Amino acid sequence: MSVNLGLAQVSGDFLVAAIVIYSLAVIGFAGDFAFGRPRRAKAAGAAVASGERAAQLATVGAAQGAAQGASGAGAPGAADGAQAAPADAGAGDAALPARQVPALRAIWEAGPWVRAAVAFSALGILAHLVAVVTRGFAVHRAPWGNMYEFVTALTCVAAIFFCYVMVRYRAWALGVFVMGAVVVALGLAETVIYTAAGPLVPALQSYWLSIHVTAMTLATGIFFVAAVLGVMYLVVERYRARVAAGKAQPGNGLLARIPSAAQLDKLTYRTVVFGFPIWTFGVIAGAIWADQAWGRYWGWDPVETWAFITWVLYACYLHARATAGWRGRRAHYIQLLGFASLTFNMLVVQVFITGMHSYAGVG
C-alpha cells in the first residue's frame, strides 16, 4: 500500500503539538518548585508532627515492651521490645509517600502549578498518542519501523508510565526532570533523526515486528524513566554524603523538594523490575523471529549482542539491588550502565555499524 501523506502530516503536526504541551507541563512543574513553598512548608510541618507522634508512640511501645519483659518474660523480652522501635523508624525513611486520599483530590490539594502541570501532561500524552497512531495508519503498519518512529513511540510509553507513577506515588516533584527528558528526546527525534513516512524494508515485513519491537519499545520507555530516576538518586545521595562529610551545607532548597534518596532508590528498583521481564520477552521474541527470517536463533549480530549485554547489565542491577552489600550508588551505576548500553545500541550500533539489523532509516 502507498503511504497516506495526509495522515503522515497530521502525525507530524500532533507530535509538534505534544512537544509544545509537554514543555508547558515542564514549566508547570518548575513553577511548583519556584512558587509552591508555602504549601510544601505546611505539608512538611504536618509530616514532622506526624513523625514526632509516631516516634512518641514507638517510644511508649518500647517502654511497655521492656516493662512487660521485666515483669513477665524476663530479660529476653526487654531486649525484643527495645529493638522494635529502630526497625520501624528505619522503614519509614524508605517508604514512598502515603496515598491516604484519592488521586484527583491529591492533585487538587497539590496546588495550582501541579494541577496545571498534570493537566498539560495528560493533554500532551493524548496528542502524542494521536501522533503515533496516525503515523501507523499512514504507513499501514506498526509505527516503529525505523529509529524516528521507535523514539517517538518509546517516549510516549515513558510519558504514560511516568504519569502513572507520579499519580500513584504523588511524585509531582519528579515531573520537571522526567518530562523535561521526554521533551529533549522528542526534540532530537524531530530535528536530528527525523525520517519521512515510508514502507518497510522487506526483512521487516512480518507480524513479528508487532511482537518483538512492541516489547522492546515498552521496555525501553520504562527503562528511560528508571534512568532519569537513577541520575536523580545519585545527585541526592552525593549531596547527602557531602553534607555528612562537612563539605556542603545542609538545607539545599532544590533537593529538599524531591523525594529522598531512599525513596528514589525504591522507585527506581520497582521501575526496573516492571520493565525487565518485558525486555526479556522482547529478546526471546527477536530470537524466534531471527530463526524464521534467517534460519538461526542467534548469530551474534551487533544489535543482538548489545541487546544481550543490556539484558545482562539490568540483570546484574537487580541482583546487586537484592544483595545488601551492593545497594546504593554502586547498584545505580550498573543500572545507568545498562541504559547507556541500550542507548549505544539504539543510536550508534543500529545507525553506524552494518549488520542484519541495519534498518534505522537514518542517513
Relative contact order (%) - segment 126-223, alpha-carbon pairs under 8 angstrom, separation at least six: 41
Carbon/sulfur fraction of accessible area - segment 189-307, other protein chains in place, 1.4 Å, %: 65
Gained length - residue 327 relative to residue 298, 0.36 nm times residue gap less alpha-carbon distance: 7.1 nm
Label-to-label distance, nm, for residues given as residue 5 and residue 206 (7 Å Cα→Cβ offset): 3.3
Binned Cα-Cα distance frequencies in segment 214-363 - 10 Å width, integer %: 11, 35, 28, 16, 7, 2, 0
Three-way shape call for segment 158-222 based on the alpha-carbon gyration tensor, with the a/c threshold at 1.5: oblate
Packing-based order for 101-111, 240-250, using average beta carbon neighbours within 10 Å, highest first: 101-111, 240-250
Residues of segment 184-271: accessible area per residue with a 1.4 Å probe, Å²: 46
Ratio of Rg to Rh over segment 116-192 (Cα coordinates, Kirkwood Rh, two decimals): 1.00
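The values are calculated or read from the model by the stated rules, or taken from the named source; none is laboratory data. Values in this document were obtained by computation on a predicted structure and should not be read as measured data. Every residue, glycine as well, gets a Cβ built from its backbone with ideal geometry; the counts of neighbours run over all protein chains shown. For accessibility, only protein heavy atoms count, side chains too; no ligands or nucleic acids. Shrake-Rupley method; radii C 1.70, N 1.55, O 1.52, S 1.80 Å.
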